[in-house]
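K.L.:
One structure, as structure tokens, below. Some questions next.
The values are calculated or read from the model by the stated rules, or taken from the named source; none is laboratory data. What you see is a predicted model, and the numbers here were worked out from it, not measured in a lab. Because the Cβ atoms are built from the backbone with ideal geometry, glycine has one as well, and the counts that use them run over all protein chains shown.
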């Protein structure tokens, strides 16, 4: 009988078998940055038996303010990312092993814009049939949706990393490192000649008394139920002036998004901004350059889905070089 392995299984086996079988070549590996990408890389390397040092300046990047939305079919054109099911099969257990309360599954109701929008859905329906839960006159409800509490994930990952013998440093000590420096690294030019089109996004957290909506709603923006009558709503896309923080213009844009879903009164309790690291739309990028090391960036708005599986892919690539 031939034993079949998934894409994810092959990555894990290739990486872990090579690494665990190379005791004499075990080494300290340096990871720069401890956002979503850096945390996933550091924990995967550590699990494979490596000593890992994280270089982190303590500044909070986009991972600390991200909504953490997992939306299987996104955008006006009903787009599905590559290896979506396989990536989620890695991501969800990875998050759960750090804490059962980090990832919050929730149905996603994607509302129709108009009849042309619904007609487009019907034309493309067979490409995402497996993600459809139900359809009605208001829209389509997707399976597999939810949101990750990103700040709590970073805190849980840090604790796990330290508990397993990892170390943090404020300065680089290795000639070659794994660069997980997000939008800040792209803007600084950590890797020469690497183009990017990072985008600033703003998010509001609001309290809406008496609404009791439990689904994630999507229509040219989204609103996520957090519990206790609180909701997170967003997000804006701004391609210029990335250095500025929350703006009145951004707030007004998100308030218009909220009004697509409810006419109830709301109280704004938080307003944050972050920069999405985008290289190839929202597809993660892995690159190697001699003298610098590996580069893992470009997670964009789909980082929660793809970061753990991409970190496993990086583990496999590193193992083939040592």
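K.L.:
With the requirement that a residue be under 22 Å from residue 202 (Cα atoms) and assigned to a helix (DSSP H, G or I), what does the range 62-117 give you?
P.N.:
62, 63, 64
K.L.:
Can you tell me which condition residue 93 does not meet? The list is (1) over 27 Å from residue 246 (Cβ atoms); (2) at pLDDT 95 or above; (3) buried (at least 16 other Cβ atoms within 10 Å of the Cβ), and all the others hold.
P.N.:
Only one criterion in (1) over 27 Å from residue 246 (Cβ atoms); (2) at pLDDT 95 or above; (3) buried (at least 16 other Cβ atoms within 10 Å of the Cβ) is unmet by residue 93, namely (3).
K.L.:
Within 22 Å of residue 78 (Cα to Cα), touching a residue at least 40 places away in the same chain (Cβ under 8 Å) and buried (at least 20 other Cβ atoms within 10 Å of the Cβ), is that true of residue 144?
P.N.:
Taking the combined requirement at face value, the residue does not satisfy it.
K.L.:
Say whether the condition of being modelled with pLDDT of 95 or more, in contact with a strand residue (DSSP E or B) (Cβ under 6 Å, 6 or more places away or on another chain) and surrounded by fewer than 18 Cβ atoms within 10 Å (Cβ to Cβ) is met by at least one residue in the range 199-209.
P.N.:
yes
K.L.:
Sticking with this one: Give all pairs with beta carbons closer than 9 Å in which a residue from the range 172-188 that is over 14 Å from residue 284 (Cα atoms) meets a residue that is in a helix (DSSP H, G or I); count only pairs at least 6 apart in sequence or on separate chains.
P.N.:
Note: pairs meeting the criteria are 178/38; 178/41; 178/42; 178/45; 178/314; 178/318; 184/62.
K.L.:
Within the bounds of the range 303-313, is there any residue that is more than 19 Å from residue 36 (Cα to Cα) and in contact (Cβ under 8 Å) with a residue 12 or more places away in the chain?
P.N.:
Scanning the range 303-313 turns up no residue that is more than 19 Å from residue 36 (Cα to Cα) and in contact (Cβ under 8 Å) with a residue 12 or more places away in the chain.
K.L.:
Taking strands (runs of 3 or more DSSP E) that fall entirely within the range 217-322, which contain at least 3 residues that are loosely packed, with under 15 Cβ neighbours inside 10 Å and more than 19 Å from the chain's Cα centre (by Cα)?
P.N.:
In the range 217-322, the matching strands (runs of 3 or more DSSP E) lie at 267-276.
K.L.:
Let me ask another. So which residues in the range 160-169 are loosely packed, with under 12 Cβ neighbours inside 10 Å and without any contact (Cβ under 8 Å) to a residue 12 or more places away in the chain?
P.N.:
163 - this is the single residue of the range 160-169 that is loosely packed, with under 12 Cβ neighbours inside 10 Å and without any contact (Cβ under 8 Å) to a residue 12 or more places away in the chain.
K.L.:
Applying the selection to the range 36-66, what residues are in contact with a helix residue (DSSP H, G or I) (Cβ under 8 Å, 6 or more places away or on another chain) and within 30 Å of residue 221 (Cβ to Cβ)?
P.N.:
Listed by number, the residues that qualify are 36, 37, 39, 40, 59, 61, 62, 63, 64, 65, 66.
K.L.:
Taking residue 110 as meeting all but one of (1) closer than 17 Å to residue 217 by Cα; (2) outside the structural domain of residue 38 (by TED's automatic domain parsing); (3) surrounded by fewer than 21 Cβ atoms within 10 Å (Cβ to Cβ), write down the number of the exception.
P.N.:
Every listed condition holds for residue 110 apart from (3).
K.L.:
Among the residues of the range 32-61, which ones are within 26 Å of residue 281 (Cβ to Cβ) and part of a strand (DSSP E or B)?
P.N.:
32
K.L.:
Which numbered condition trips up residue 50, out of (1) within 24 Å of residue 314 (Cβ to Cβ); (2) surrounded by fewer than 18 Cβ atoms within 10 Å (Cβ to Cβ)?
P.N.:
So residue 50 meets the others, but not (2).
K.L.:
Any idea which residue in the range 177-198 is modelled with the highest pLDDT, counting only those that are out of contact with any strand residue (DSSP E or B) (no Cβ under 9 Å at 6 or more places or on another chain) and in a loop (DSSP other than H, G, I, E, B)? Before you say what the answer is, go through the steps one by one.
P.N.:
Restricting attention to the range 177-198, the residues satisfying the condition of being out of contact with any strand residue (DSSP E or B) (no Cβ under 9 Å at 6 or more places or on another chain) are 188-189, 193, 195, 197.
Narrowing the set further to residues that are in a loop (DSSP other than H, G, I, E, B) leaves 189, 193, 195, 197.
Details: 189: 89, 193: 78, 195: 82, 197: 85.
Filtering first and then ranking leaves 189.
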